[in-house]
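Nothing in this text is a laboratory measurement; each read-out follows from the coordinates by a stated rule. Keep in mind that what you see is a predicted model, and the values were worked out from it rather than measured. Methodologically, a virtual Cβ is constructed for each residue, glycine included, from the backbone with ideal geometry; neighbour enumeration extends over all protein chains shown.
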Amino acid sequence: MSIRIKDIAEAVGASPTTVSLVLNNKPGAGEELRKKILKTAKQLGYTASRNGKHGSICLLHIARHGHTVNRDHDVFIADYIEGLSQGAKLADYSLEIVTFKLAPMQQVLDTALRNGGDGFVILGTELSREDIEAFQVIRKPVVFIDTYHDFLNFDFVDMNNEDSVFLLITHLYAMGHRSLGLVKGTIETRNFRLREMSFYEGLQKLGLGADTAFIFSVDQTYHGAYSDMKSILANHPRLPTALICSNDIIACGCLKAFAEAGVRVPEDLSVVGFDDLPLSAISDPPLTTIQVSKAQIGRMAIQLLVSRIQSEADMPAVKVLIGGKLIERNSVRRIDNPTDIGGK
């Protein structure tokens, strides 16, 4: 079995993103940790496609504001990188990672224009529509992942937010819940916006009303979500029987706030997340969530990019949505008589 970046990260006690940066000779780790990662990688027999016969691909790992792309989400991003690495290796391209933290867009664009790679995969999580449009100055093939926009002439590979949110809603409905709420992030990303829209559309499809009193906004970092939900609960709001959180980090921060406020999950309130991060399996209680095919998204992005690099024809833009999988755990209770249960 081939050694993965995750395996090295677990062996040295570092994040997968940090390991990826070190293996790609990028800053982001102290000298001692860097030596430890390189030594461990060698001992485990890790091999990477560093000198692709067909050329090189560059991942632009961009954190515009850091509310979503941060250390809380390192494992999520590392799965994208794993898929990108696998795809690049199969296509015989080397993969370079360039990271930007809170950098102005002009710096990102200038770096990309100077880069000698054959094409770019761009992490679009925190990019606005205007940010994405700015990449029109790049005269090389580009593919955006972890975001999706209609009417833009770029390739996108993203999760299918609409279908995935509907999976959550129909699961809660099947468990007897008729009073559903949403916990969204205060800093909007395109995926969060799509999930919010899908939440309202899903309720409508099932003939359920949307109560604005059950829509809550919190910061999307773990500590921020905990602090914001703690403040919300201090005002003793009405609560639905179930809450859909825009991602697992928000959900886990809220679980901590609920526990401190004496709101029992799932006895008093069912909670579901999105992403299936490792912490969702060890939260208290373990979290029902959506598993996102992140490695598959990474591999698909490479396939699209390579086809653009190697094609002489001017192909139309391709937009790919990859479905999620419902992971059932213990954060949802069954309501036997749903017509008798309303919001609390």
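Fewest-first ordering of 56, 246 by other beta carbons within 10 Å of each residue's beta carbon gives 56, 246. Computed from backbone phi with θ = phi - 60° and the Karplus coefficients 6.51, -1.76 and 1.60, the 3J(HN,Hα) list for the stretch 255-268 is 4, 5, 5, 4, 4, 5, 8, x, 8, 7, 10, x, 4, 9 Hz; x is used for glycine and proline. For residue 143, the residues 5 or more places off, or on other chains, whose built amide H falls under 5 Å of its own are 120, 121, 122. Size of the chain from its Cα atoms: along the principal axes, largest to smallest, the extents are 65, 46, 37 Å. Converting phi to 3J(HN,Hα) with the Karplus coefficients 6.51, -1.76 and 1.60 and the offset θ = phi - 60°, the stretch 33-39 yields 5, 4, 4, 5, 5, 5, 5 Hz in sequence order, with x at every glycine or proline.
In this simple spin-label approximation, residue 10 and residue 42 carry label points 7 Å from Cα along the Cα→Cβ vector, and these lie 2.4 nm apart. Each of 81, 132 has some number of other Cβ atoms within 10 Å of its Cβ, and from fewest to most they run 132, 81. Close amide H contacts of residue 215 (hydrogens built in the peptide plane, cut-off under 5 Å, sequence separation of 5 or more or a different chain): 182. Projecting label points 7 angstrom from Cα along Cα→Cβ for residue 105 and residue 223 puts them 3.0 nm apart.
Amide H to amide H, with H built 1.01 Å from N, residue 62 comes under 5 Å of 100, 123, counting only residues 5 or more places away or on other chains. Expressed to the nearest 5 percent, the antiparallel share of DSSP beta bridges inside the chain is 10 percent.
Can you tell me the length gained on complete extension of the stretch residue 128 to residue 259, counting 0.36 nm per residue apart and subtracting the Cα distance? Please list the in-between numbers first.
Working: separation 131, 0.36 × 131 = 47.16 nm, distance 3.50 nm.
Contour length minus the Cα-Cα distance gives 43.7 nm.
As a proxy for reagent exposure, ranking 201, 130 by other Cβ atoms within 10 Å from fewest up yields 130, 201.
Roughly speaking, what is the stretch gain from residue 150 to residue 186, that is 0.36 nm per residue apart minus the C-alpha to C-alpha distance, in nm to one decimal? If you can, show how the numbers build up before the last one.
Working: separation 36, 0.36 × 36 = 12.96 nm, distance 2.30 nm.
10.7 nm is the gain from fully extending residue 150 to residue 186.
Karplus-based coupling profile of the stretch 93-103, in residue order and whole Hz: 10, 7, 10, 10, 10, 10, 9, 10, 10, 6, 7, with θ = phi - 60° in 6.51 cos²θ - 1.76 cosθ + 1.60 and x standing for Gly or Pro.
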